[in-house]
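Working notes, structure below.
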Protein chains: 2
Amino acid sequence: MDEIKQKIETANAETVRRINEADPVLVDIAPAGEVIPGLHDRMVLHSGPPVDWQRMSGAQRGSMLGTALFEGWAKDAGEANDLFASGAIRFEPNHTHQAVGPMAGTISASMPVWIVENKAFGNRAFCRQVEPSQQFGNYRDDALQGLRLWRDLWAPALKAALGRMGGLPLKPIIAKALQMGDELHNRPVAASSLFANAMACPLIEANVPKDRLLATLRYITNHELIFLALAMAAAKASADPATGVEYSTVVTAMARNGTDFGIRVSGLGEEWFTAPAPRAEGLYFPGYTKEDGGADMGDSAITETVGWGGFVLAGATGILALVGGTPEEAMSYSRDMRRITVTASPNYRMPILGFQGAPVGIDIRKVVQTGIVPVIDTAIAHREPGHSIIGAGIVRAPLDCFKKALLAFSRKYQPNRT
Amino acid sequence: MDEIKQKIETANAETVRRINEADPVLVDIAPAGEVIPGLHDRMVLHSGPPVDWQRMSGAQRGSMLGTALFEGWAKDAGEANDLFASGAIRFEPNHTHQAVGPMAGTISASMPVWIVENKAFGNRAFCRQVEPSQQFGNYRDDALQGLRLWRDLWAPALKAALGRMGGLPLKPIIAKALQMGDELHNRPVAASSLFANAMACPLIEANVPKDRLLATLRYITNHELIFLALAMAAAKASADPATGVEYSTVVTAMARNGTDFGIRVSGLGEEWFTAPAPRAEGLYFPGYTKEDGGADMGDSAITETVGWGGFVLAGATGILALVGGTPEEAMSYSRDMRRITVTASPNYRMPILGFQGAPVGIDIRKVVQTGIVPVIDTAIAHREPGHSIIGAGIVRAPLDCFKKALLAFSRKYQPNRT
């Protein structure tokens, strides 16, 4: 027992070392089909663990339909539905393709994605655009307009600026934003503002034509959630090299598809351990109630996986206006998360807790032992297809995922133990 | 006694109503000599209460010399010194001219100033540029370069953009920044970032030539303290209409010149009540120690006067890396300030205290009764002329100012009381 415990401690130290040494840099924006490995035509990537069409949540189905219409694969939602149901359009999880996406997380070939390279390890991660409609399941034509502007106008201009800059290091922006009331998941307002500051001069220097320059600057200087995609890609790029450390009990991904909540564990490779996705406690936009809300959805819990989001809520109490709750609860969430993690981040610190580092490296043993599960900030989608965002709140990861993972861990590493 | 107490309560309610209803809008930038009433050629405005050349602090004298050299009134510091000592160059407090300035606060005719109009009351306030050298007393030629670039390059471009926009409302930016870890005095980093984003498109739309556009955008997107001047002008524009409410015991200005700390009280008009300026407790830049530090200086305590700065430190703990102290101290400062103020701001709220409003309206009676004096965030200048910024910290207003004001209040409003 002591021998395996020692092996686990050593492995977990290595896992969190890799997470902490990550150096995420935004290097490019390009159509997903050109850069995401294994993303073919007539294929959609989605958030969360694998799921089939019958079990897929309403919001995620709606978002898939929107993607098919956006790509021109179907003339209407009915035809699109048939193509997905028949397998004529395939779909796989983002996480299988080095990618992440907020809410339904849908990514298809012609959508430009943010490309973040982890300079410390050489790997890349991809995230789609953040918008409030199609990614929540709204597939009406006007709900797709943001995708078209992103593809045709904003993304190409930002790509030109990034080319001019030679990349934008994200570590300094994230560290600074955590001292500016962000938690980088539901509230990336400071990081978004700093990002827009950083892009303004390069957009001009890249000689983007004036009308496109103004449209793009207006988009980024007013999009308070734009940095969520960069936080997610940075988190994914930071977590991926921490995958596959033998004997490590540290979580390397948490993701939801509106039906299942799944986690991956470093020492257990790419296997998903799932449980039914929970429903968020939160605040609903006017006209919606808890009965309208679907189960939790999105790859965005990759931010909590590396120690942001709900884990640093103590430093981001401005978010309480959006999700409800008290400052005392926010403080206690961050304190609780220290009890289930391996270490504190040397890079990302919380002033309100005396510049303590963010809690990094969720240890499935500690979760099961304490019964304390990760706290996740989240947005709320409708249970049915066809709606934009309807609310925001806080959700707790299901304990069953961690129990199942711990069982699998014992089977793999202690096969002879009774 | 009950009658006068009632008159005071009514008067104070009116005073804080005026402060809370203020609607500061950045309307223009123009050379001080063209817009500040009573600012003549060969005249310098300075921070704090009135002071003569002999008693003026080293840093403020250094800044005055820099101003004279910048204006071309003298060929060297010696000649400039003689002109001030002889009265050939006059100087008066900013506060006498609807103006404020950080640190030495020096304003002369050719310096462009930010112009903030309080749309609710129709009055205007002016603040000079924030920079780390000349305003701290450094008068070397290279320390004046920032002033020249401001006058010739950055200010004209920003003026053009403001003309294009028709003004920038500051209330929303201030409210938002207070939820982003700013206290708007030593730490206006979020407000500065939001300001830069707000100006980006208008600078392009105003057809500022590309080289000047880029230079100006680079200046504002990298100047983390740029909004301090706007916070100060907004605070001054908010406090001025609250001056002269008969029977009001609410403070309408706090200012320091590096020699004296002075306050003004609404019911006592424009009279200053002074005590020796204290020294800040804080952190010094490498190469400097407490022995180098001069006494406290600057009009920037106008931000605390309306409830920001040290009064909202609980929500801005990121500043502790700069000024020292613990989160618990920061929380207790904000709680203490509630004990000496009349009300809580309906506009400016602190998430970490459950969205409580900032403490507004310092009541000299409460200060004297409790012995709790205002907490002020501050920067530290050298005791001798010729230096740039050497540190930052926290300072407490001297109790004597409030005692003297309360005595004067009694003499004015209760002359027959023994």
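The values are calculated or read from the model by the stated rules, or taken from the named source; none is laboratory data. Keep in mind that this is a model prediction, so the values were computed, not measured. With ideal geometry, Cβ positions are generated from the backbone for all residues, glycine too; neighbour counts draw on all protein chains shown.
Whenever a residue of region A:316-340 is at the interface with chain B (Cβ under 8 Å from one of its Cβ atoms), its partners that are surrounded by 18 or more Cβ atoms within 10 Å (Cβ to Cβ) and among the hydroxyl-bearing types (Ser, Thr, Tyr), lying with C-beta atoms within less than 7 angstrom and at least six residues away or across chains, give the pairs A:327/A:317.
Scanning region B:260-311 for residues that are among the β-branched types (Val, Ile, Thr) and touching a His at 6+ places or on another chain (Cβ under 9 Å), we see that the one that is nearest to residue A:350 (Cα to Cα) is B:303.
Confirm whether residue A:124 is farther than 22 Å from residue A:257 by Cα, in a strand (DSSP E or B) and out of contact with any helix residue (DSSP H, G or I) (no Cβ under 6 Å at 6 or more places or on another chain). Considered against the rule, which asks whether it is farther than 22 Å from residue A:257 by Cα, in a strand (DSSP E or B) and out of contact with any helix residue (DSSP H, G or I) (no Cβ under 6 Å at 6 or more places or on another chain), residue A:124 comes out as yes.
Give region B:159-173 a look and list any residue that's within 14 Å of chain A (Cβ to nearest Cβ), part of a helix (DSSP H, G or I) and either touching a residue at least 40 places away in the same chain (Cβ under 8 Å) or not aliphatic (A, V, I, L, M) (or both), or say none. Listed by number, the residues that qualify are B:161, B:164, B:172, B:173. Among the criteria (1) among the basic types (Lys, Arg); (2) farther than 27 Å from residue A:353 by Cβ; (3) buried (at least 24 other Cβ atoms within 10 Å of the Cβ), the one residue A:290 does not fulfil is (3).
Scanning region B:357-374 finds no residues that are under 19 Å from the mean Cα position of the chain (by Cα) and surrounded by fewer than 20 Cβ atoms within 10 Å (Cβ to Cβ). Among the residues of region B:121-137, not a single one is modelled with pLDDT of 95 or more, out of contact with any Gly (no Cβ under 6 Å at 6 or more places or on another chain) and of a type in the set (Asp, Glu).
In region B:321-328 there is at least one residue that is among the β-branched types (Val, Ile, Thr) and modelled with pLDDT under 95.
Candidates are the residues of region A:177-201 that are touching a residue at least 40 places away in the same chain (Cβ under 8 Å), at the interface with another protein chain (Cβ under 10 Å from one of its Cβ atoms) and of a type outside the set (A, V, I, L, M, F, W, C); the one that is nearest to residue B:224 (Cα to Cα) is A:179. Does residue B:86 satisfy being over 26 Å from residue B:145 (Cβ atoms) and of a type in the set (S, T, N, Q)? Spelling it out, residue B:86 is indeed over 26 Å from residue B:145 (Cβ atoms) and of a type in the set (S, T, N, Q).
Selection of region B:388-418 for residues being of a type in the set (Ser, Thr, Tyr) and either part of a strand (DSSP E or B) or modelled with pLDDT of 95 or more (or both) yields B:388, B:410, B:413. Taking the criterion of being outside any helix (DSSP H, G or I) and more than 23 Å from residue A:168 (Cα to Cα), the residues of region A:83-106 that qualify are A:87, A:88, A:89, A:90, A:91, A:92, A:93, A:103, A:104, A:105, A:106.
Hey, among B:30, B:13, B:68, which residue is of a type in the set (A, V, I, L, M, F, W, C) and over 15 Å from residue B:111 (Cβ atoms)?
B:13
Filtered by the rule that a residue be in contact (Cβ under 8 Å) with a residue 12 or more places away in the chain, of a type in the set (Gly, Ala, Ser) and surrounded by fewer than 20 Cβ atoms within 10 Å (Cβ to Cβ), region A:81-105 gives A:85, A:88. Set side by side, the residues B:135, B:129 differ, and just one is assigned to a helix (DSSP H, G or I), touching a helix residue (DSSP H, G or I) at 6+ places or on another chain (Cβ under 7 Å), among the polar types (S, T, N, Q) and within 30 Å of residue B:50 (Cβ to Cβ), which is B:135.
Checked against (1) more than 30 Å from residue A:79 (Cβ to Cβ); (2) touching a Leu at 6+ places or on another chain (Cβ under 6 Å), residue A:185 meets all criteria but (2).
Determine whether residue B:143 is buried (at least 23 other Cβ atoms within 10 Å of the Cβ), assigned to a helix (DSSP H, G or I) and at pLDDT 95 or above. Spelling it out, residue B:143 is indeed buried (at least 23 other Cβ atoms within 10 Å of the Cβ), assigned to a helix (DSSP H, G or I) and at pLDDT 95 or above. Just checking, does region A:399-414 include any residue being within 16 Å of the chain's Cα centre (by Cα) and buried (at least 17 other Cβ atoms within 10 Å of the Cβ)? Taking every residue of region A:399-414 in turn, none turns out to be within 16 Å of the chain's Cα centre (by Cα) and buried (at least 17 other Cβ atoms within 10 Å of the Cβ).
Restricting attention to region B:3-19, does a residue exist that is under 29 Å from residue B:155 (Cα atoms) and not hydroxyl-bearing (Ser, Thr, Tyr)? Among the residues of region B:3-19, at least one is under 29 Å from residue B:155 (Cα atoms) and not hydroxyl-bearing (Ser, Thr, Tyr), which makes the answer yes. Which of (1) within 22 Å of residue A:280 (Cα to Cα); (2) within 12 Å of chain B (Cβ to nearest Cβ); (3) of a type in the set (S, T, N, Q) is the odd one out, the single condition residue A:356 does not satisfy? Single failed check for residue A:356: (1).
Taking region B:284-387 and the helices (runs of 4 or more DSSP H) fully enclosed by it, the elements with 2 or more residues that are closer than 30 Å to residue B:407 by Cα are at B:302-305, B:327-339, B:364-370. Give just the number: which of (1) farther than 24 Å from residue B:272 by Cα; (2) under 13 Å from the mean Cα position of the chain (by Cα) does residue B:135 not satisfy? Every condition holds for residue B:135 apart from (1).
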